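Working notes, beginning with the structure itself.
The values are calculated or read from the model by the stated rules, or taken from the named source; none is laboratory data. Source: prediction; values computed, not measured. Note that we place each Cβ from the backbone using ideal geometry, even for glycine, and neighbour counts take in every protein chain shown.
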Amino acid sequence: MAKNRSRNNSSFKTFCLSIRSLPVKTSPLFVKQDTVRVGILGGTFNPPHLGHLRLAEEAAELYGLKKVLFIPCYIPPHKKSDHIVSADDRLNMTRLSCDKNPLFEVSDLEVARTGPSYTVETLEILRAQYACETWFIMGTDSLAEVHTWKDCERLFYLSHFIVIERPGTPFERAWGEVPTRIRTAFNTCGDSWIHSSSNCLIPSKIRGLDISATMVRTLCRDRRSIRYLVTDSVRSYITGRNLYAKPVS
C-alpha cells in the first residue's frame, strides 16, 4: 500500500506540473494570470455519489476550473467515526467515481498523511508545492461551521472559495454564523466577496443533485437498490465488499 501511495503522490505532482502549460481563461476574478484554476473538493466521500460528480462538473463549467481535485480525508475531525468505512475503501471508491472524467483527479494527500484531516494544512501544502490557483468548494452548511475549523482565519488567505447553497441553509444565514473578525476582512464586489488577501468568496446557486451519502448508506443498510445514485463501478465495489450493510445479529 505504501508503494501505491508513493506512486499516487508522484502522479499528483506530475499533474500539478503539467497544468502550468494550460491556457488561463480570461476573467475579471482572476488574481494571478500566470496560474490556472483548480477546484478542490474535499470530504469524507462515504461513499462518493453522483451528487459529488455533478457538483464538480457544474463548478468547473461555471467558474473556469481546468481540473477538480477530489481529496478524501483520512479522519474527518467533525464527524463521528460510526458508519465510516476505511480510508482506503473511500479512496478507492472516489477513484472509481472519477475514472471516466478527464476533468477530475483524485489525490491521496490526506489519506497518506493519516491522522485528522485539516483543510488548512491541505491548502498550505497545495499552496507551497504546486503551481495552481486553488478554488475550494464548500457548502453553506460548512461555511456556517467554519469557525470550528482549525485555524479558520488562515483558510481565506490560502484559497478562493466557491460556496454552494445547501437545502435549508441560505448563504445569508451561513455568512451570519461566520465570526465578525473574519467577515470584516471581506468587502463586497458585485455578487462576490473579496478578502483582504485578494482571494474571492463566491456564493453559488449551483443546483447539483439531491443525493446524500447518508441516503446511500441507509439504502445499503436496508438492502435496497442504490443504482443511479452512485456510479456502476462504485455500486459494484460496495456490494462486492458488503459495505454499509446492516450487521447480521
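Taking first residues from region 44-58 that are under 20 Å from P76 (Cα atoms) and partners that are assigned to a loop (DSSP other than H, G, I, E, B), the Cβ contacts under 6 Å between residues at least 6 apart in sequence or on separate chains come to T44/C73; T44/P76; N46/I84; H49/I211; H49/L229; G51/G208; G51/L209; G51/I211. Look at (1) part of a loop (DSSP other than H, G, I, E, B); (2) under 20 Å from A213 (Cα atoms); (3) among the aliphatic types (A, V, I, L, M) and you find that A131 fails only one, number (2).
Mind telling me which of the residues I202, I206 ends up being over 20 Å from D99 (Cα atoms), out of contact with any His (no Cβ under 9 Å at 6 or more places or on another chain) and touching a residue at least 60 places away in the same chain (Cβ under 8 Å)? Please lay out each step first, then the result.
Values: I202 fails: out of contact with any His (no Cβ under 9 Å at 6 or more places or on another chain).
Going through I202, I206 in turn, the sole match is I206.
To keep it simple, each residue is scored yes or no on (1) at pLDDT below 95; (2) assigned to a helix (DSSP H, G or I); (3) under 18 Å from the mean Cα position of the chain (by Cα).
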site	(1), (2), (3)
F156	no, yes, yes
I162	no, no, yes
R173	no, yes, no
I182	no, yes, no
T188	yes, no, no
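Within region 222-229, identify whether any single residue is assigned to a loop (DSSP other than H, G, I, E, B), at pLDDT 95 or above and within 30 Å of C132 (Cβ to Cβ), and answer yes or no. No; the residues of region 222-229 include none that is assigned to a loop (DSSP other than H, G, I, E, B), at pLDDT 95 or above and within 30 Å of C132 (Cβ to Cβ).
For region 229-245, does any single residue satisfy the condition of being surrounded by fewer than 17 Cβ atoms within 10 Å (Cβ to Cβ), farther than 30 Å from S86 by Cα and within 22 Å of the chain's Cα centre (by Cα)? Steps first, answer last, please.
Taking region 229-245 and keeping what is surrounded by fewer than 17 Cβ atoms within 10 Å (Cβ to Cβ), we get 232-233, 236, 239-242, 245.
With the extra rule that they be farther than 30 Å from S86 by Cα, the set shrinks to none.
The answer is no, given that none of the residues of region 229-245 is surrounded by fewer than 17 Cβ atoms within 10 Å (Cβ to Cβ), farther than 30 Å from S86 by Cα and within 22 Å of the chain's Cα centre (by Cα).
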